[in-house]
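Reading through the structure tokens given below for one structure.
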């Protein structure tokens, strides 16, 4: 837990600075989280401009409501990922619904399926980014570089047992992306963004 | 350079095809059926196994026809530990066969196997992480419009804020190869170009130490720490820092550089209207607001050096920021001209026109075209004189980015693509003076 205290101190400090109205703090917040926010938004919306807009909305929300973050609930990063996810899914559902109303192709059921898949894909991205680095490294070798677990073990300088353990644990974490509720999230019931780390 | 090579992205995504559409995973609820199978005994348990998609062929096995691998006898615990590797097709054919066989008999493992194999379909290459650098300004401006800041970043510090953020984004995905890529820093000294070899990490160390002069002026810690430099001059500080370490700088230099640049922006915001605070560069001083522009300019110039070294594109600053940098260089030109004159490198001032401070004098019209451009009248005979259209003796036209490259010592004054009309000696002196603004 001692390790977690340092980032949480940063999180609290950042919240205070945002609340105080420090423009420089907003810049630092952007520098730290923009690629996370934009990446998740893009995974859900699959559109560069829409992801840009969503990034603006998320940072505006944080800047206007810094007190909405409760450090006791977890890291700022998790809160921002949760916000992004919720805003992005809302936006996807709104634009898809509007297209449907205008007589676009598809059914309401297909729309929900699309929203659900986008939502799970974004959560999976976040889980991969947030999982402990050794697990991520093992998955990357085994999946993207197509190394078998023995080669993975050799590449990482760990035992074969450990390589197997990391691959299994990494996938177990990733599998939780499907577990969180994928129905529209009522406020106060965000998707499970905390579980991975 | 990126963590994942986009080129083979399609090939990798293709691997998902054998699992079919994502839609097929919707029957998640059918998990429950595994339980029923279990109750009905072993006879139906093959049905459980069949539901699990076939493993991917690993690269080594691809294309080769393998004999039916004889399952090896493995303990339950070992088989369980193999499930992750099995789901990723990252175990041997014998092990995979042993797991397959085991899944027909063990309900718990079959459930987990299905779950892990579905998880594999969620592995995706990260999308390109390159954010549009202009997005930062748009997002921040949008926020500040909605809720005006109580402690704003002064206008003269925004280009430093933006340029350091842009460079940091460039460094984001650098691996060791990029950090140690050779960079040749170039500048202009006397009438010649000078250069110094270093690495990408060495360039960041250079920015850290020279930004440190601003940090010190603001009362922040000096990044040199216990290292003593003979003077405050940027080159002296940088060389002292490079020398003090037994090892060449590494990627570890990024965090202190970024932390310091954030601290500088934060501190100037708190000092409010302290733009006039003097910042010492050893043999000269700049007021804080100009020192921040200078640091923004250096940050961009060296970001270009780095981008070039790793063969990556890098755009010039936004028009507003570029204009501020050009304006600083234009304002520094009369002083640079006087210094070159004192050193015997420029033609002597014209006596009849030697003017008192604040009086109009012989001038050169510097016309900067393109993004961030404008017009500046450069007084030629004294730094204290005021530029005057009535005394205009020459007219030089340059592209904004070309002018900045000249002022950075990256283009020689002889080769700079400049449209020229009028007094050739005055033009030569001004172009050389612009180049002399550069330094390590």
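The values are calculated or read from the model by the stated rules, or taken from the named source; none is laboratory data. What you are looking at is a predicted structure, and each value in this text was computed from that prediction instead of being measured. Neighbour counts are summed over all protein chains in view; Cβ atoms, including those assigned to glycine, are modelled from backbone coordinates with ideal geometry.
Take the conditions farther than 16 Å from residue B:156 by Cβ and in contact (Cβ under 8 Å) with a residue 40 or more places away in the chain and apply them to residue B:280. Does it pass? Spelling it out, residue B:280 is indeed farther than 16 Å from residue B:156 by Cβ and in contact (Cβ under 8 Å) with a residue 40 or more places away in the chain.
In region A:6-25, the condition of being out of contact with any helix residue (DSSP H, G or I) (no Cβ under 7 Å at 6 or more places or on another chain), facing chain B (nearest Cβ under 10 Å) and surrounded by fewer than 21 Cβ atoms within 10 Å (Cβ to Cβ) is met by at least one residue. The residues in region B:152-172 that are facing chain A (nearest Cβ under 7 Å) and either over 21 Å from residue B:291 (Cα atoms) or in a helix (DSSP H, G or I) (or both) can be counted, and the count is 3.
When we screen A:82, A:95 for residues that are more than 11 Å from every other protein chain (Cβ to nearest Cβ), at negative phi and surrounded by 18 or more Cβ atoms within 10 Å (Cβ to Cβ), the only hit is A:82. The residues in region A:45-59 that are more than 12 Å from residue A:80 (Cα to Cα) and within 9 Å of chain B (Cβ to nearest Cβ) can be counted, and the count is 3.
Only a single item in (1) out of contact with any helix residue (DSSP H, G or I) (no Cβ under 6 Å at 6 or more places or on another chain); (2) more than 13 Å from chain B (Cβ to nearest Cβ); (3) under 22 Å from residue A:44 (Cβ atoms) is not met by residue A:103, and it is number (3). On inspection, residue B:137 does not qualify as modelled with pLDDT of 95 or more and either part of a helix (DSSP H, G or I) or at the interface with another protein chain (Cβ under 9 Å from one of its Cβ atoms) (or both).
The set of residues from region B:179-206 being in a helix (DSSP H, G or I) and out of contact with any helix residue (DSSP H, G or I) (no Cβ under 6 Å at 6 or more places or on another chain) comprises just one member, B:202. Evaluate region B:103-112: report whether one residue or more is at the interface with chain A (Cβ under 9 Å from one of its Cβ atoms), in a helix (DSSP H, G or I), within 30 Å of residue B:260 (Cβ to Cβ) and at pLDDT 90 or above. Checking region B:103-112: not a single residue is at the interface with chain A (Cβ under 9 Å from one of its Cβ atoms), in a helix (DSSP H, G or I), within 30 Å of residue B:260 (Cβ to Cβ) and at pLDDT 90 or above.
All conditions but one from (1) buried (at least 19 other Cβ atoms within 10 Å of the Cβ); (2) facing chain A (nearest Cβ under 7 Å); (3) part of a helix (DSSP H, G or I) apply to residue B:90; the one that does not is (3).
Check off (1) out of contact with any helix residue (DSSP H, G or I) (no Cβ under 7 Å at 6 or more places or on another chain); (2) buried (at least 18 other Cβ atoms within 10 Å of the Cβ) for residue B:390 and give me the number that stays unchecked. Result: residue B:390 fails condition (2) only. Evaluating residue B:312 against the criteria (1) within 14 Å of chain A (Cβ to nearest Cβ); (2) within 15 Å of the chain's Cα centre (by Cα) leaves one unmet condition, (1).
When you look at residue B:292, is it crowded, with 24+ Cβ neighbours inside 10 Å, more than 15 Å from the chain's Cα centre (by Cα), on the phi < 0 side of the Ramachandran plot and more than 14 Å from every other protein chain (Cβ to nearest Cβ), yes or no? Considered against the rule, which asks whether it is crowded, with 24+ Cβ neighbours inside 10 Å, more than 15 Å from the chain's Cα centre (by Cα), on the phi < 0 side of the Ramachandran plot and more than 14 Å from every other protein chain (Cβ to nearest Cβ), residue B:292 comes out as no. Sub-7 Å Cβ pairs linking a first residue in region B:261-272 that is in the same structural domain as residue B:215 (by TED's automatic domain parsing) and at positive phi to a second residue that is in a helix (DSSP H, G or I) and surrounded by fewer than 24 Cβ atoms within 10 Å (Cβ to Cβ), at least 6 apart or interchain, number zero.
Is there a residue in region B:394-414 that is at pLDDT below 90 and farther than 29 Å from residue B:204 by Cβ? There is at least one residue in region B:394-414 that is at pLDDT below 90 and farther than 29 Å from residue B:204 by Cβ. Just to be sure before I move on: is residue B:140 crowded, with 17+ Cβ neighbours inside 10 Å and closer than 24 Å to residue B:290 by Cβ in the structure I sent? Spelling it out, residue B:140 is indeed crowded, with 17+ Cβ neighbours inside 10 Å and closer than 24 Å to residue B:290 by Cβ. On the stretch given as region B:349-380, residues that are in a loop (DSSP other than H, G, I, E, B) and at pLDDT below 85 total 8.
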